[in-house]
Structure formats: structure tokens, C-alpha cells
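The values are calculated or read from the model by the stated rules, or taken from the named source; none is laboratory data. This structure is a prediction, so every number in the text was calculated from the model and none was measured. Cβ placement follows ideal geometry from the backbone for every residue including glycine, while neighbour counts extend to all protein chains displayed. For accessibility, only protein heavy atoms count, side chains too; no ligands or nucleic acids. Shrake-Rupley method; radii C 1.70, N 1.55, O 1.52, S 1.80 Å.
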Amino acid sequence: LDLALFSLGADVHGRSLAQALHPDPAVALPMCGLLQGDREHVLADARRMAAASYRAVKVKVGRGDLDDEIQLVRDVRKALGAGPELRLDANRAWTVEEATAFAEGIRGSGLTYIEEPLQDPTGLPALWMDTGLPIALDETLQVPEGQAFVRGWVAAAVIKPSLVGGIGRTLQLATLARSVGARPVISSAYESGIGLRGLVALAAATDAEPAGLDTARIMQNDVLSERLPLEGAFVDVPALLARPLTMAEGISA
């Protein structure tokens, strides 16, 4: 409903949704590639994305043996070369001891940030102080009291508009993040094409950090008859937002 109302307001004023959210939104939005699957597939995709000039890629960690994941991160960095940012997401998988060992193991890998490494987020500031690990917030931002964690030790705020409370709340969190020197990164929560279109506009309106919208590749079907052109290192924001939205057969608008 939030997205529909903002989109309607933009249409009434003859603007794109991105222009309604920001007076000068980004025209080319960089994408953050998502690396997942078995080791060979992850490394092959890392090489492909580096060759395609992706500015950032993300790897899910906290799912397997700690030493194996440390080696995977090192191998991904080698496959990427020095160019793309390397982001990790642990989804609150570890104890302080495990996260500390991981931080030591990947030292020197050129990590941009890791999302939510601890099972208990109250330990994140101390982990940052003890290890220097660049930390991003994600799940913590999805509860009202989470914004109290947005302080100078935070490297990035990974904002999922569908989960934090909509467009207004997203813009508020992005402003808060910038105020403490953290990067606001718009990320998806497996939305359909309708939701992803809104996320493109929000990312273009909030500093145009490489956006976590590569979940679109995983979806086998969509509510739209034509899938949004989200595969690639960059998205043409005006062209994407100008596309007519046609619902897939059998889905009522």
C-alpha cells in the first residue's frame, strides 16, 4: 500500500518514483551480485561478475565449517581481484568466539563489511572494537529499537524496505546512517517485480550504493508478464521505471 500510494503520487505529478523520492536520483544504479551455491559455482560467478565490472558482490557465510568458509572468502577475493567490493552476510550465525576467529582468518581479504555476524547483536560494538571487523546492520534494523545501534562503529545499514516499515522508514534510516558515516544499502527480501521496481527507485534516491537486488535471478516466476531487467552490473533507472507494468496471465491487477 505504501509503495502504491507513493507511485500514484509520482504519477499525478508526472514524475518517476525515484524523482518523487529525491530531486536528483541516480540514473545508473550499481548492483551487488549475490554469490551462492557450491564452491565451484560461487568462484565461477565471482570471476564472471568481476569481468562484467560489478562494483560489489556478496557471499553468505555462517552456514558451514568455519575454516572452510574462511578459505572460501579468501578464494572469492582472489577470484574477484582488487576491484569489486566484497560483502559478507552471516545472518546472526556466530558466537563472539566464532566471529573473532573468523575475523582473524579473513584478515587482509579486503572485506567491505559483514552483516550481522553475532547471534546477540548487543555484542557487535565490542566485536568491532576488538577485531576491527567492518560490521553492517540488517536484522537489527527490523525492530523499532534497532536504530539505537546506528552509531559511528557501523560500516553500513542494509535496509530492507519491506521489513523495516516501508518507504518513509527507509528514508529515515538512510538519513540516520549517513549522519554517522555509515552507508545506506537497499536490499531485497525476495519481492516480486512490483516490489523490486520500488526498491530500484529507493536505491536510486538514497546515495545509489550497490543495491542487493540480485535475488531477482533466483525467482522462477513473477507477477509481471515481463521480468525487470535487473541482471547485470548496472540498472538503467529511468528506463526501468518507464516500463509499463503488465501483469502475468492469470494474475489480476
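Here are a few things to note about the model shown:
- For R178: the one exception among (1) in contact with a helix residue (DSSP H, G or I) (Cβ under 7 Å, 6 or more places away or on another chain); (2) over 24 Å from R243 (Cβ atoms); (3) charged (D, E, K, R): (1)
- Hits in the range 122-164 - residues which are among the acidic types (D, E) and open to solvent by 30 Å² or more (accessible area, probe 1.4 Å): D130, E139, E145
- Among (1) assigned to a loop (DSSP other than H, G, I, E, B); (2) open to solvent by 60 Å² or more (accessible area, probe 1.4 Å); (3) at pLDDT 95 or above, the one test that E209 misses: (2)
- Candidates are the residues of the range 183-200 that are of a type in the set (A, V, I, L, M, F, W, C) and in contact (Cβ under 8 Å) with a residue 40 or more places away in the chain; the one that is surrounded by the fewest Cβ atoms within 10 Å (Cβ to Cβ) is I194.
- Among the residues listed as D24, D38, the single one being at pLDDT below 95, among the acidic types (D, E), farther than 21 Å from L137 by Cα and out of contact with any strand residue (DSSP E or B) (no Cβ under 8 Å at 6 or more places or on another chain): D38
- Taking the criterion of being at pLDDT below 95, part of a loop (DSSP other than H, G, I, E, B) and hydrophobic (A, V, I, L, M, F, W, C), the residues of the range 215-253 that qualify are I218, M219, V223, L228, L230, L245, A248, I251, A253.
- Whenever a residue of the range 148-176 is under 18 Å from A205 (Cβ atoms), its partners that are of a type in the set (A, V, I, L, M, F, W, C) and surrounded by fewer than 18 Cβ atoms within 10 Å (Cβ to Cβ), lying with C-beta atoms within less than 6 angstrom and at least six residues away or across chains, give the pairs K160/A189; S162/A189.
- Within the range 86-113, if we keep just the residues that are in a strand (DSSP E or B) and out of contact with any Pro (no Cβ under 7 Å at 6 or more places or on another chain), the residue that is farthest from A46 (Cα to Cα) turns out to be D89.
- Pairing residues of the range 230-253 that are under 29 Å from Y54 (Cα atoms) and open to solvent by less than 50 Å² (accessible area, probe 1.4 Å) with residues that are β-branched (V, I, T) and part of a loop (DSSP other than H, G, I, E, B), at Cβ distances under 8 Å and at least 6 apart in sequence or on separate chains, gives V237/V27.
- G166 falls short on exactly one of the conditions (1) over 18 Å from E209 (Cβ atoms); (2) touching a Gly at 6+ places or on another chain (Cβ under 7 Å); (3) not basic (K, R), and that condition is (2).
- When residues of the range 201-212 are limited to those that are of a type in the set (A, V, I, L, M) and touching a strand residue (DSSP E or B) at 6+ places or on another chain (Cβ under 6 Å), the one farthest from R55 (Cα to Cα): L202
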